[in-house]
Amino acid sequence: QSRSSAASDVYKRQSQHISTAGTEAYGTSNMKFAINGGLILGTLDGANIEIREEIGEKNMFIFGAKADQVEDYRRQIRERNFNPDPRWHDLLNLIEQGVFGNFPDLPLLLNSVRDGNDFYLLSVDFPSYLDAQEKIDAAYKNKKLWNTMSILSTAGMGKFSSDRSIRDYAINIWKLRPCKRPGPISVLTEKLADSGLVPNVGSFHSPIGSPFSGLSSEVALERLTPEQKITMKAFSPNV
């Protein structure tokens, strides 16, 4: 449907996300890489637009047509008024000669980007992609610059945390209200062993799966049955 990368290239901690602007071809994979310091090489499509707003374009490598240019470029290509970069023609010739291998659908592939075709504007975006790769090579040679960009990429990605996403869905879509966490409560640890709920109090292992901290003598109540909660509260000096 689009030319979004089948897999992200992590060479040099670089993440390629390549799709025609306006197709919304990818969303979360670029977030994962950027939040882990991978520098994005991509078009202004999908989440790249929001990521640019958060980390700044100077910490990404953006190339290609903008969404508001796409239809005009498609018209030029259909009407044979667009002249691709000579390097594009060189690439197609190399592919046609089998330099990168031969396969049965090769003519169909080449015809899809020739003779008034190229719906996804590969010929339009190709030269700026090559230019972006040159910028990547130059930046990578400057270790301080590359590391700074990587750190700022991670530092600016807080908006894309799952906590924020879930909170926005809960408030704006599901219309849910926060539910107060029941506990933890302080308990008298010397009485817990007698209850049978939490054996081996000295080692602070709870077989009922409830968080249990020996340092603060607290037990959370989320995973307890109503009967267990009553028993635990009976051991709490503050309840």
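So that you can scan it fast, the table gives a plain yes or no per residue for (1) open to solvent by less than 40 Å² (accessible area, probe 1.4 Å); (2) modelled with pLDDT under 85; (3) not in a helix (DSSP H, G or I):
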site	(1), (2), (3)
LEU152	no, no, no
LYS159	no, no, no
LYS175	no, no, yes
PRO182	no, yes, yes
ASP194	no, yes, no
LEU197	yes, yes, yes
GLY202	no, yes, no
GLY209	yes, yes, yes
LEU215	no, yes, yes
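Within the stretch 133-173, the set of residues being within 17 Å of the chain's Cα centre (by Cα), closer than 18 Å to ASN30 by Cβ and β-branched (Val, Ile, Thr) comprises ILE151, THR154.
For the stretch 44-57, the set of residues classified as surrounded by 15 or more Cβ atoms within 10 Å (Cβ to Cβ), touching a Lys or Arg at 6+ places or on another chain (Cβ under 9 Å) and over 20 Å from THR148 (Cβ atoms) consists of LEU44 only.
If you filter the stretch 78-105 down to residues that are assigned to a helix (DSSP H, G or I) and over 20 Å from GLY64 (Cα atoms), you find that the one that is most open to solvent (accessible area, probe 1.4 Å) is GLU96. One residue stands out among those in the stretch 17-30 that are buried (at least 23 other Cβ atoms within 10 Å of the Cβ) and either free of Cβ contacts under 8 Å to residues at least 12 places away in the same chain or under 11 Å from the mean Cα position of the chain (by Cα) (or both): the one that is farthest from PHE63 (Cα to Cα), which is ASN30. Looking at the stretch 58-77, can you tell me whether even one residue there is of a type in the set (S, T, N, Q), open to solvent by 40 Å² or more (accessible area, probe 1.4 Å) and either part of a loop (DSSP other than H, G, I, E, B) or modelled with pLDDT under 95 (or both)? The answer is no, given that none of the residues of the stretch 58-77 is of a type in the set (S, T, N, Q), open to solvent by 40 Å² or more (accessible area, probe 1.4 Å) and either part of a loop (DSSP other than H, G, I, E, B) or modelled with pLDDT under 95 (or both).
Every listed requirement among (1) closer than 28 Å to PHE61 by Cβ; (2) free of Cβ contacts under 8 Å to residues at least 24 places away in the same chain; (3) open to solvent by 100 Å² or more (accessible area, probe 1.4 Å); (4) among the hydrophobic types (A, V, I, L, M, F, W, C) is met by LEU108 save one, (1). For the stretch 111-132, which positions are open to solvent by less than 60 Å² (accessible area, probe 1.4 Å), farther than 30 Å from GLU57 by Cα and within 33 Å of the chain's Cα centre (by Cα)? Matches in the stretch 111-132: SER112 only.
The values are calculated or read from the model by the stated rules, or taken from the named source; none is laboratory data. Please read these numbers as outputs of a predicted model, since none were measured by experiment. Positions of Cβ are backbone-derived with ideal geometry, glycine not excepted, and every protein chain shown enters the neighbour counts. Surface accessibility is based on the protein's heavy atoms, side chains included, excluding ligands, DNA and RNA. Shrake-Rupley method; radii C 1.70, N 1.55, O 1.52, S 1.80 Å.
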